[in-house]
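Got a structure here, written out as structure tokens. Questions coming.
None of the figures in this text is laboratory data; all of them are computed from the coordinates on show. Just so you know, these numbers come straight off a predicted model, no measurement behind them. Every residue, glycine among them, receives a Cβ derived from its backbone with ideal geometry; neighbour counts consider all protein chains shown.
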Number of protein chains: 2
Amino acid sequence: MKNEKLNHSCSHLLAAAVLELWPDVLPTLGPAIENGFYYDFDFGNKKVSDDDLQIIEDKMHEISLTWTNFEREEIEPKKAQEIYKNNPYKLELIAEHSGEGETITIYKSGNFSDLCRGGHIDPSLIPIKYFKLLSLAGAYWRGSEKNRMLTRIYGTCWSSQKELDSHLTMIEESKKRDHRTIGKDLNLFVFSDLVGKGLPLLTPKGATIRRELERFVVDEELKRGYQHVLTPPLAKTDLYKTSGHYPYYKDTMYPVMKIDDEELILRPMTCPHHFMLYKSSLHSYKELPLRYAELSPQYRYEKSGELTGLMRVRMFTLADAHIFATKEQAKQVISEVLDLIQDVNSIFGMTKGQDYRYRLSLGDRSDSKKFYKDDAAWEYAEDVLRNVLTERAEPFFDGLGEAAFYGPKIDVQVKKANGHEETAFTVQYDFVMPTRFDLKFIDADGKESQPIVIHRSSIGAFERTMAFLIEKFAGAFPTWLSPIQVKVLPISEKHQQYAMEIVTKLRSAGIRTELDDRNESLNSKIRDAQMEKIPYMLILGEKEMTAQTVMQRGRNGKQSGPFSLEEFISNIKKEIDDKLIV
Amino acid sequence: MKNEKLNHSCSHLLAAAVLELWPDVLPTLGPAIENGFYYDFDFGNKKVSDDDLQIIEDKMHEISLTWTNFEREEIEPKKAQEIYKNNPYKLELIAEHSGEGETITIYKSGNFSDLCRGGHIDPSLIPIKYFKLLSLAGAYWRGSEKNRMLTRIYGTCWSSQKELDSHLTMIEESKKRDHRTIGKDLNLFVFSDLVGKGLPLLTPKGATIRRELERFVVDEELKRGYQHVLTPPLAKTDLYKTSGHYPYYKDTMYPVMKIDDEELILRPMTCPHHFMLYKSSLHSYKELPLRYAELSPQYRYEKSGELTGLMRVRMFTLADAHIFATKEQAKQVISEVLDLIQDVNSIFGMTKGQDYRYRLSLGDRSDSKKFYKDDAAWEYAEDVLRNVLTERAEPFFDGLGEAAFYGPKIDVQVKKANGHEETAFTVQYDFVMPTRFDLKFIDADGKESQPIVIHRSSIGAFERTMAFLIEKFAGAFPTWLSPIQVKVLPISEKHQQYAMEIVTKLRSAGIRTELDDRNESLNSKIRDAQMEKIPYMLILGEKEMTAQTVMQRGRNGKQSGPFSLEEFISNIKKEIDDKLIV
């Protein structure tokens, strides 16, 4: 992590300031995180609010001037226990560290000292000066809901004012792009207490984006030889016991439902369903590679604290597929999958190497608990994946021990609006399930043989993709994805009739159109359409009505025209059909 | 029911024959059903098989000659108990009837008498002669899985040989059209023991039909002003308690799933989800009628004995919608719904009045347990529905007491391949839920007002629609719905290359095409394509290759051409786009 030591040092400064202001507060832990730090405090009965952040920050600046070093001191556990006798959190940490035989260390700067394993800058060389406290949040002690809720203060620290400013601008920008905010402003999705946590409801506008995405994925996959299927989003637990998923996933699966003599469970993945479909008939080598795809609803229990808008939900629909192939076909199949992923990503305006890259997630031969034991199969599969990536000259890095239990995978690592990199979805090589499910095909010699399976997505979960696209485009979607593509703005009531004719023609051309017939000024109509990020406004006044034309205004403010309606339709249709980003 | 008395009389004859053949068998009940009858027996240890049906039938013919009447005798419960002292089933019936103060009657013909409430023909006038035993099935005593499994023998009886023959032909025909048989033959869907009962898996072919149907419905609805939304197929039980559905549906709902502090349940209907979405923002009268539509997955527990292929499943997707409107708009809204239903039905080749008609399902003012109490609202709503049907001169009949608990409805009654009429789906007028959910809109005077809600489907559940269409077309779907639309048949290996070019061109024109490049004779290729009910074969030999043409053969055997490929594509595209039935 960049600036890790500086940020961690700044967390000490934060704790020092808090304790000087409120000596009864109990400090707990204060690590550096990506681009910042936090410190968790038990504030007792004191209610701390956003207003306090400035007070704390001022105190930090004051104290900072007095700090010249971080002085390390090794102490006996006994002594540490004595120092922190009123702080149960630190006592818990001391007990753990001393139990593990570690040396207990304390770091002291100015009047403040903290139990700490180290990792600081030298304040005489690098001043702890360019920082900002960002926010307050609740956080359970050690992340467990069973423990007391602490107060977490987030901050960020840099080595120059310029770096700090640029980071703060980035945060502001990414807040504006937060899909939860934009989703609310543009009325794309809502949550309901009566429906349940992590279960978004898509409004007509949100559902339009979803439908466009779904049809795009399905059509694109069909073109590339995938066969879409439709399987039920639940199954008997026996199915997941057969697949071997059950022990790995049961904590994140929904509860079992008993129906008559069956135990049913909502599915956390599609693979076993596709295997059952594959097994329902005989297959010849001539059919391979056989590609089953599905828009697959899946259910996973996420802790309520981790639920985040559309990004992290309890039910999602994955653009899923399982490709049954011979070992020899694997390389070609995976290469075609990467083609698909890259073509789709470029439609979304994402540049390879910049907006996303790959992680080659490998197994760990020494961990046969986490990874199925079959060294030769792992070697073969990892070679296939590495060769595909290398030969195609893809940007990738290795992730040791990041594989699935049944084989290595290629993860698509996407950079989000807030700068963080995240695994969007994966391409997996599976040599375990085919054995577990006894999958077969008849080879060219008429004998039974076993296929391998490539598990893959093309765009990941639709919910996440939507969240990602909302943030990427800050709600100003490419026209093909825009819930409303054109808004027709008659200048006054006299042009209403003409406007309605235009609306009817646009709609029958399949263009999603709205009419703004409110009794408002043109300027306020334009402002509202711009707020809604509608790609095109058609402004209709006297001149346009007489000449039977339309005046076009983009959401970027660019005005053009007059055009005949036919010309406008032909232009926008091309933009939609070609899925252009303009 | 037609021939009800004759069929019931024949069930006596069946029981007489069985008891004469196997005196230890215990007879239970033998009612008439539509176009036939059955009788349930406890055969004890005797294994009865299809081979026995002929033996029983012969015995029935023998006995029938001796029957001249059904002699009614009233007897004391005590005496009845004495007669049936070894038959616990009859004893249960006797106890019930005498408990309800009914007279116990016995009907005697020849040497056979049976506990019976009557309803027979006079065998001296109408001979019980033109009958046929159809099948054996297991059936629980009184339909409950907790009871003993009995053996049910089905039969049918008519007043002439001609009628019997024509009925048997119809049965044969409908067996051939049974969607389960065709579904297997054409590989459209499968079931899996590991997945669970009543949960079909659609193969690529089945999923293609489903996708075409879904896109057709969505596009058609969007054109008519519906707004598609997407809501989660589960919710907290609280939602169904608020809606008032819970007490009515809880026995057919899936079990509750506890997640943290939430009790979740898979939804048995969409209404409350759409209400929550409606409530998530303010609505003006200008937005009404507001039409929320969804392809909505729903879960209902059906008894395992009632599960039937795609016709009766435990999870289905309903083409659902809820229209929020003013009372005054209701009539117009419902009329537009009927337009949609009729347009869709005509695309499926269904003629109104012949293949389907409407049932006006009314409430019952005297039953306030089953129907929400608000006489004025019922009167108003029923009038609206009746007026729409009458003014449009629709074929309909009344169904007293068939309404939903929250209002009257129009049921779409469809005639199935086996001649039975069934409710395919409904259009409901709801004045109860808007109050329960406190739905509002701002009226023209700026005041809060309550909308009514029209619940409706456009084609019902996709699973059922598919089952219905499979049976209607006996698998020979219209081209737009056919999983494979064209099969290309090169006459010999020399024409393979040309065939592949044709396949590529057809596919890039968006036509679902397969190549039969097996080393088989043309005749056997044609036979196989015909078995698969593929609309068009393109036969390519020397002549076609030289002239760069194609020879077309329909699945009906009609050959035409030669055509240029462009001409063929343009013809078939028109057929597909216009959704023609040819």
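Between residue B:46 and residue B:4, how high is the FRET efficiency from 1/(1 + (r/R0)^6) when r is the Cβ-Cβ distance and R₀ = 25 Å? Nearest 0.05.
Working: r = 30 Å, r/R0 = 1.20.
For R0 = 25 Å, the calculated efficiency reads 0.25.
Just order A:327-340, A:48-61 by mean Cβ neighbour count inside 10 Å, highest at the front, would you? Walk me through the numbers before you get to the answer.
On the way: A:327-340: 17.7, A:48-61: 14.5.
Highest mean packing first, the order is A:327-340, A:48-61.
Another one. Which of B:286/B:409; A:573/B:579; A:258/B:369; A:250/B:258 have a Cα-Cα distance over 19 Å?
As for pairs spanning more than 19 Å Cα to Cα, those are B:286/B:409; A:573/B:579; A:258/B:369.
Also, I was wondering about something else. Please average, across the residues of B:258-268, the number of beta carbons from any other chain that are within 10 Å of each residue's own beta carbon, and give a whole number. All intermediate terms of the calculation are to be shown ahead of the outcome.
Details: counts 2, 9, 6, 2, 8, 1, 9, 2, 6, 1, 0.
Per-residue shielding by partner chains comes out at 4.
In addition: Along the principal axes of its C-alpha atoms, what lengths does segment B:486-577 span, in descending order and rounded to whole Å?
Principal extents (Cα only, largest first): 34, 29, 21 Å.
Okay, moving on. Please label the shape of segment A:263-389 as rounded, prolate or oblate, based on the square roots a ≥ b ≥ c of the eigenvalues of the alpha-carbon gyration tensor (a/c under 1.5 means rounded; beyond that, a/b larger than b/c means prolate, else oblate).
It comes out rounded by the Cα gyration axes.
How many nanometers, to one decimal and shortest first, lie between the label point of residue B:172 and those of its other copies, if labels sit 7 Å from Cα toward Cβ?
Relative to the other copies, residue B:172 has label-point distances of 8.4 nm.
Relative to the Cα centre, what is the charge dipole magnitude of segment B:486-577, using +1 at the beta carbon of each Lys and Arg, -1 at the beta carbon of each Asp and Glu, and rounding to the nearest 20 debye?
So the dipole magnitude of segment B:486-577 works out to roughly 260 debye.
Give the average, rounded to an integer, of partner chain Cβ atoms located within 10 angstrom of each Cβ in A:292-299.
The per-residue average across the peptide is 2.
Let me ask another. Provide the FRET efficiency to the nearest 0.05 for the residue B:92-residue B:367 pair, computing r from the beta carbons and using R0 = 25 Å.
The calculated FRET efficiency here is 0.30.
Lys/Arg Cβ at +1, Asp/Glu Cβ at -1, dipole of the protein assembly as shown taken about the Cα centre: which of A:460, B:29, A:285 is farthest positive-ward?
Projecting each Cα onto the dipole axis, the largest value belongs to A:285.
Projected onto the charge dipole of chain A (+1 at Lys/Arg Cβ, -1 at Asp/Glu Cβ, origin at the Cα centre), which of A:222, A:522, A:144 gives the Cα projection farthest towards the positive end?
Of the listed residues, the answer is A:522.
How fast does chain B diffuse by Stokes-Einstein, in µm²/s, taking the Kirkwood radius from C-alpha pairs at 37 °C and 0.692 mPa s?
Estimated via Stokes-Einstein, D reaches 117 µm²/s.
What gaps in nm, shortest first, separate residue A:527 from its twins in the other copies when you place the label 7 Å past Cα toward the beta carbon?
7.8
Would you mind listing the distances between the residue B:541 label point and the same position in each other copy? Use 7 Å along Cα-to-C-beta, nm, one decimal, shortest first.
7.2
Further question: Residue by residue through A:222-232, how many Cβ atoms from other chains fall within 10 Å of the Cβ on average?
6
To the nearest 20 debye, what charge dipole does the protein assembly as shown have about its Cα centre, counting +1 at the Cβ of each Lys and Arg and -1 at the Cβ of each Asp and Glu?
My answer is approximately 960 debye.
Between chain B and chain A, with a rotation axis joining them, whose C-beta in B is nearest that axis, and what is the whole-Å distance?
B:257, 3
Separate question: Could I have the simple spin-label model distance between residue A:85 and residue A:386, label points 7 Å from Cα toward Cβ, reported in nm to one decimal?
Roughly 5.9 nm, to one decimal.
Modelled label-to-label distance, residue A:564 and residue B:528, 7 Å Cα→beta-carbon offset: nm?
Taking the two extended label points, one gets 5.3 nm.
Further question on the same structure: Rounded, prolate or oblate: pick one for segment A:61-211, where a ≥ b ≥ c are the square roots of the eigenvalues of its C-alpha gyration tensor, a/c under 1.5 means rounded, and failing that, prolate if a/b is larger than b/c, else oblate. Mind showing how you got there, number by number?
Working: a/c = 3.76, a/b = 1.67, b/c = 2.26.
Because a/c hits 1.5 or more and a/b fails to exceed b/c, segment A:61-211 counts as oblate.
OK, next. With the cut-off at 1.5 for a/c, could you classify the protein assembly as shown from its C-alpha gyration tensor as rounded, prolate or oblate?
Note, shape of the protein assembly as shown comes out prolate.
Taking other Cβ within 10 Å of each residue's Cβ, how do A:307, B:186 sort, fewest first?
Starting with the residue having the fewest Cβ neighbours, the order is A:307, B:186.
Of all beta bridges DSSP finds with both residues in segment B:189-473, what is the antiparallel percent, to the nearest 5?
85 percent
Please flag any cysteine in chain A that has no other cysteine's Cβ under 4.7 angstrom from its own Cβ.
So, A:116, A:271.
Which one, B:70, B:81, B:44, is farthest towards the positive end of the dipole of segment B:40-89 when Lys and Arg carry +1 and Asp and Glu -1 on their Cβ?
Farthest along the dipole direction, towards plus: B:81.
May I pose another question? Antiparallel DSSP bridges in chain A: what percent, to the nearest 5? Walk me through the numbers on the way to the answer.
On the way: 82 of 99 bridges.
Approximately 85 percent, going by the DSSP bridge assignments.
So if each residue of separation counts as 0.36 nm, and I subtract the Cα-Cα distance between residue A:351 and residue A:543, what length gain in nm does that give? Could you put the intermediate results ahead of the total?
Details: separation 192, 0.36 × 192 = 69.12 nm, distance 4.33 nm.
Length gained, residue A:351 through residue A:543: 64.8 nm.
Give me the dipole magnitude in Debye, nearest 20, for chain B about the Cα centre, with unit charges on the beta carbon: positive for Lys and Arg, negative for Asp and Glu.
Computed charge dipole of chain B: roughly 920 debye.
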